[in-house]
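Peer 1: Handing you a structure now.
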Amino acid sequence: MKAREIRALDPQEIREKIRAAEEELFNLRFQKVVGQVENPMRFRILKREIARLKTVLREKGMRP
């Protein structure tokens, strides 16, 4: 999701997307321990997406 698309969302939707992405990252970490990660690049993608979401939320003057 691009920053332009994120800026179009309201703060509550951004918080929900942050929560969902953090939950997915948490689940991926468990899969990594078990050795069942299908796409290891997903870690990097999720971390960047979370950072992008938090940055836009902070630009709007809201706390994550």
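Peer 1: R0 = 22 Å: FRET efficiency of residue 7 with residue 42, Cβ-based, nearest 0.05?
Peer 2: Efficiency computed from Cβ-Cβ geometry: 0.40.
Peer 1: Here are several values of Cα Rg over 2.2 N^0.38 Å: [x] 1.27; [y] 1.21; [z] 1.10. Which one was derived from the coordinates shown?
Peer 2: [y]
Peer 1: Please work out the average accessible area per residue across the chain, using the 1.4 Å probe convention, and give it in Å².
Peer 2: I get 77 Å² per residue for this part.
Peer 1: Can you spot the lysines whose alpha carbon is less than 21 Å from residue 54's alpha carbon? Ignore those fewer than 8 places along the same chain.
Peer 2: 2, 17
Peer 1: Just to confirm the filter: which trypsin sites (Lys or Arg not before Pro) across the chain are DSSP coil and have at most 11 other Cβ within 10 angstrom of their Cβ? It would help to have the intermediate numbers written out before the result.
Peer 2: Working: sites: 2, 4, 7, 15, 17, 19, 29, 32, 42, 44, 47, 48, 52, 54, 58, 60; in loops: 2, 60.
Counting only loop positions with at most 11 other Cβ atoms within 10 Å, the trypsin sites (Lys or Arg not before Pro) in the chain are 2.
Peer 1: Here's a follow-up. Given a 1.4 angstrom probe, I'd like the percentage of the accessible area of the chain that is carbon and sulfur, rounded to a whole number.
Peer 2: After summing per-atom areas, the C and S share lands at 50 percent.
Peer 1: Out of the stretch 8-58, which GluC sites (Glu not before Pro) are coil in DSSP terms and have no more than 16 other C-beta atoms within 10 Å?
Peer 2: 38
The values are calculated or read from the model by the stated rules, or taken from the named source; none is laboratory data. Predicted model only: the values in this text are computed from it and were never measured. Positions of Cβ are backbone-derived with ideal geometry, glycine not excepted, and every protein chain shown enters the neighbour counts. Keep in mind that these areas ignore ligands, DNA and RNA; they rest on the heavy atoms of the full protein, side chains included. Shrake-Rupley method; radii C 1.70, N 1.55, O 1.52, S 1.80 Å.
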